[in-house]
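The values are calculated or read from the model by the stated rules, or taken from the named source; none is laboratory data. Just so it is clear, the structure is predicted and the values come from calculations on it, not from any experiment. Cβ placement follows ideal geometry from the backbone for every residue including glycine, while neighbour counts extend to all protein chains displayed. Areas reflect the complete protein model, heavy atoms only, side chains present, ligands, DNA and RNA absent. Shrake-Rupley method; radii C 1.70, N 1.55, O 1.52, S 1.80 Å.
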Amino acid sequence: MSQRFTTHSTFKIERMYRASLERVFAAWSEQNAKARWFQPAEEFDFRVGGREVSRGGPPGGPVFTFEALYQEIVPNERLVYTYSLDQEDIRISVSIATVEFLPTDEGVKLVFTEQGVFFDGHDTPAQREQGTHEMLDLLGLSLGESHPDRFELLSRRTLPAPRSLVYRAWTEPALLAQWWGPNGFTNTFHTFDASPGGIWEFTMHGPEGANFPNRNVFHEVSEDRIVLRHESRPHFILTATFADVSGGTEITFRQTFETAEDYNNLKPICEEANEQNLDRLRAVLKGLSSAE
C-alpha cells in the first residue's frame, strides 16, 4: 500500500476584465452565464449555504466531480466557497476559494485566492494553479470583447457541432427563429432570403409583450462567413465567421455599430444580449445533434 500524504498550498491570481462589475459578478452568480466558462452545473444554488455540483472530464478519461458550498456572498464585491474535487471515487483535494471583485477605471480587477490541501499526489498545487489560470482565461472570453475605437462588440464561442450544422441553424428560418435574440424573446419571420442581397424581415416579440420590427440585408452567405446589415435603427453590421476546431465549431460574432453614440448607448445591453443569443444557439444545436 502506498504511503498517504498531504500537500498544503495557497496561490493568488489577479485578472483585469474590461466589463461592468455587474456582468463579471453575474458570470459567477447566474447558472447560464457560468456555464459559458465552467463545467455546466447539475445543481446550482447560489446562496449562502447553497451547493454547486458539476461533473466532467476529458473524452474517454476519468470523471471529475466538483462540489462547492457557498460560505459568503457579498453581491458585486466578494464570494467565498469551499469545494472538494474527486477523480472518480477518489478525493484529490479540498479547498477554500475567495473571489474579490474590485471596480477600476478600465473595468474590473478580479482577485482569486485559493487555499488547498491536496491528497496523496493525485493533484498538485502547480497543476491546480495552471488550471485556474486557464479557467479565468475562459471567463474572460465569456465576457466578450469591446473595441470602442471601432464601435465594435465581439464574442467567441466553441459550439459542440459540425460547421454544416451551425450553418443550417443560421440559414434555415425554422431553426433561426428558435434562437435569435436574447432570453425571453420570440420571433415572427415575414421575409427570409439567405443569399447575398437577400432580405430578412421579422418582428421580435419581447417578454413583456412589446414588438420590435427588424429588417436585415445579407451581404455574404457561406459556410465560412455570414455578413448582414441591420437596416432598422440602430444600424450595424453583423459578421459571423465559422471555423472547424477540436470539439466542434468556433464562431466569432462581431457587431459593428455605425456611430459612437449607438455604440455607447447599446454596449451595456448588447454585450450580454449577444452572449445569451449564442447560449440559445448552443441549445438548438444540442437538440439537433441529439436528433441526428
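Candidates 63, 24: the one that is in the same structural domain as residue 92 (by the TED database), under 23 Å from residue 145 (Cβ atoms) and under 23 Å from the mean Cα position of the chain (by Cα) is 24.
Pairing residues of the range 225-247 that are assigned by the TED database to the domain that holds residue 214 with residues that are assigned to a loop (DSSP other than H, G, I, E, B) and among the hydrophobic types (A, V, I, L, M, F, W, C), at Cβ distances under 9 Å and at least 6 apart in sequence or on separate chains, gives 226/194; 236/151. From the residues in the range 256-292 that are free of Cβ contacts under 8 Å to residues at least 12 places away in the same chain and within 20 Å of the chain's Cα centre (by Cα), which one is least open to solvent (accessible area, probe 1.4 Å)? Among those that are free of Cβ contacts under 8 Å to residues at least 12 places away in the same chain and within 20 Å of the chain's Cα centre (by Cα), it is 287. Got at least one residue in the range 124-140 being open to solvent by less than 40 Å² (accessible area, probe 1.4 Å), in contact with a Ser or Thr (Cβ under 8 Å, 6 or more places away or on another chain) and over 17 Å from residue 38 (Cβ atoms)? Yes, because at least one residue in the range 124-140 is open to solvent by less than 40 Å² (accessible area, probe 1.4 Å), in contact with a Ser or Thr (Cβ under 8 Å, 6 or more places away or on another chain) and over 17 Å from residue 38 (Cβ atoms).
Looking across the range 254-268, the residues that are outside any helix (DSSP H, G or I) and within 18 Å of residue 145 (Cβ to Cβ) come down to 254, 255, 256, 257.
If you go through the range 1-21 and keep only what is among the charged types (D, E, K, R), surrounded by 15 or more Cβ atoms within 10 Å (Cβ to Cβ) and modelled with pLDDT of 95 or more, you end up with just 15.
Among the residues that make up the range 34-49, is at least one of them more than 30 Å from residue 267 (Cβ to Cβ), in the same structural domain as residue 131 (by the TED database), at pLDDT 95 or above and not charged (D, E, K, R)? Within the range 34-49, one or more residues are more than 30 Å from residue 267 (Cβ to Cβ), in the same structural domain as residue 131 (by the TED database), at pLDDT 95 or above and not charged (D, E, K, R). When the residues of the range 22-69 are filtered to those that are assigned to a loop (DSSP other than H, G, I, E, B) and among the aromatic types (Phe, Trp, Tyr), the one that is surrounded by the most Cβ atoms within 10 Å (Cβ to Cβ) is 38. Considering (1) small (Gly, Ala, Ser); (2) assigned to a strand (DSSP E or B); (3) out of contact with any Phe, Trp or Tyr (no Cβ under 9 Å at 6 or more places or on another chain), the lone condition that residue 287 does not fulfil carries the number (2). Residue check: is residue 234 open to solvent by 20 Å² or more (accessible area, probe 1.4 Å), over 23 Å from residue 289 (Cβ atoms), touching an Asp or Glu at 6+ places or on another chain (Cβ under 6 Å) and not in a strand (DSSP E or B)? Yes. Between 185, 202, the distinction of being under 23 Å from the mean Cα position of the chain (by Cα), under 20 Å from residue 274 (Cα atoms) and crowded, with 17+ Cβ neighbours inside 10 Å belongs to 185 only.
Residue 129 meets the stated requirement of being charged (D, E, K, R) and more than 23 Å from residue 276 (Cα to Cα). Among 220, 258, which is the only one that is more than 21 Å from residue 23 (Cβ to Cβ), out of contact with any Phe, Trp or Tyr (no Cβ under 9 Å at 6 or more places or on another chain) and either assigned by the TED database to the domain that holds residue 286 or of a type in the set (Val, Ile, Thr) (or both)? When all the criteria are applied, what remains is 220.
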